[in-house]
Amino acid sequence: MKQILRAGIFVVGILWLSYGGLTTGQTNQTQPLNYVCQRAVSAVNIDGKLDDAAWRNAKWTEVFVDIEGDAKPKPKYKTRAKMLWDEMYFYFAADLEEPHVWATLTKRDSVIFHDNDFEVFLDPEGDTLNYYEIEINALNTVWDLQLDKPYRFKGKANDGWNATGLKTAVSVAGTLNNPKDKDRGWSVELALPWKDLTGSPRPIGAPKIGDRWRVNFSRVEWQHEIADGKYRKVAGRKEDNWVWSPQGEINMHIPEKWGFVEFAGK
């Protein structure tokens, strides 16, 4: 009996070492963060400035970290987000510190992360299926899409999904696309209508108080240089990925690692 017990402990130990995060090549183990999303107490004017009274009652998220978590250095620039909701919209706001605000893409549904951008990910039902992604750059250009499942399970991105009632705005604290000065940064506001969350096989609809959704935010930041009086990306350099709730690896499409947002009253 003792031999069987020892053998069982040995097998459990090997499995724990293999899958528990101590072997070479492991992904950084992380715990999803939590946010209580208050119901808006007054109107939210989508102008990118975050100065409405409603936002004063909303807490900031934790400052964004590297997508891989604490194993990597802290991001060079500060990023935070806020959320609110009412019967019509899910509101998102973000403040991005950035001494050189620049962007190039102007066509909707371009691959916006080829510019510096801010991204919203949400999985209303928390099942990793039929989730949504919205990306926006400093020119207020949007890419909105729905995925039936993560790419690693051969998921397909549906660019044909458009949040037709989506409201977005960007405010630049400085001057856009001007290398001659330094900026403070840029801020973003989005109002996503519940009716645009089409779901599958049924629409999602507005949440109820106490509901919890999986949500995460990402900021893509490219290293740049100035040539002929214009910004451009440094050739051969990969982008930085800074997020609210760390993923443990360079992959935003792991919805089971996103943060939790609980919808509360006023």
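Structural remarks
- Test for LYS238: is it assigned by TED's automatic domain parsing to the domain that holds LYS257, within 20 Å of the chain's Cα centre (by Cα), over 19 Å from VAL120 (Cα atoms) and basic (Lys, Arg): yes
- Test for ASP127: is it closer than 23 Å to ARG212 by Cβ and surrounded by fewer than 15 Cβ atoms within 10 Å (Cβ to Cβ): yes
- Screening the candidates PHE260, PHE217 for the property of being touching a residue at least 60 places away in the same chain (Cβ under 8 Å) and either surrounded by 19 or more Cβ atoms within 10 Å (Cβ to Cβ) or touching a His at 6+ places or on another chain (Cβ under 8 Å) (or both) yields one hit, PHE217.
- Qualifying residue in the stretch 39-46 (condition: under 18 Å from the mean Cα position of the chain (by Cα) and modelled with pLDDT of 95 or more): no
- Just one of the listed residues (LYS78, LYS2) is of a type outside the set (Gly, Ala, Ser), surrounded by 12 or more Cβ atoms within 10 Å (Cβ to Cβ) and either at pLDDT below 85 or under 26 Å from GLY185 (Cβ atoms) (or both), namely LYS78.
- Any hit, the stretch 48-70, residues being in a loop (DSSP other than H, G, I, E, B), surrounded by fewer than 18 Cβ atoms within 10 Å (Cβ to Cβ), in the same structural domain as PRO124 (by TED's automatic domain parsing) and modelled with pLDDT under 95: yes
- Verdict on PRO193 being surrounded by 14 or more Cβ atoms within 10 Å (Cβ to Cβ) and in contact with a Ser or Thr (Cβ under 7 Å, 6 or more places away or on another chain): no
- Failed criterion for ILE134 (all others in (1) hydrophobic (A, V, I, L, M, F, W, C); (2) out of contact with any Gly (no Cβ under 9 Å at 6 or more places or on another chain); (3) touching a residue at least 60 places away in the same chain (Cβ under 8 Å) hold): (3)
- One residue alone among VAL120, VAL170 is buried (at least 17 other Cβ atoms within 10 Å of the Cβ) and more than 14 Å from the chain's Cα centre (by Cα), and that residue is VAL170.
- Residues in the stretch 220-237 that are surrounded by 12 or more Cβ atoms within 10 Å (Cβ to Cβ) and either part of a strand (DSSP E or B) or of a type outside the set (A, V, I, L, M, F, W, C) (or both): VAL220, GLU221, GLN223, HIS224, GLU225, ILE226, LYS230, TYR231, ARG232, LYS233.
- In summary, strands (runs of 3 or more DSSP E) completely within the stretch 79-189 and bearing 1 or more residues that are in contact with a strand residue (DSSP E or B) (Cβ under 6 Å, 6 or more places away or on another chain), under 27 Å from ARG232 (Cα atoms) and among the polar types (S, T, N, Q) occur at 79-85, 167-173.
The values are calculated or read from the model by the stated rules, or taken from the named source; none is laboratory data. Note that the structure is predicted; figures quoted are calculated from it, not measured. All Cβ positions, even for glycine, are placed from backbone atoms using ideal geometry, and neighbour counts span all protein chains on display.
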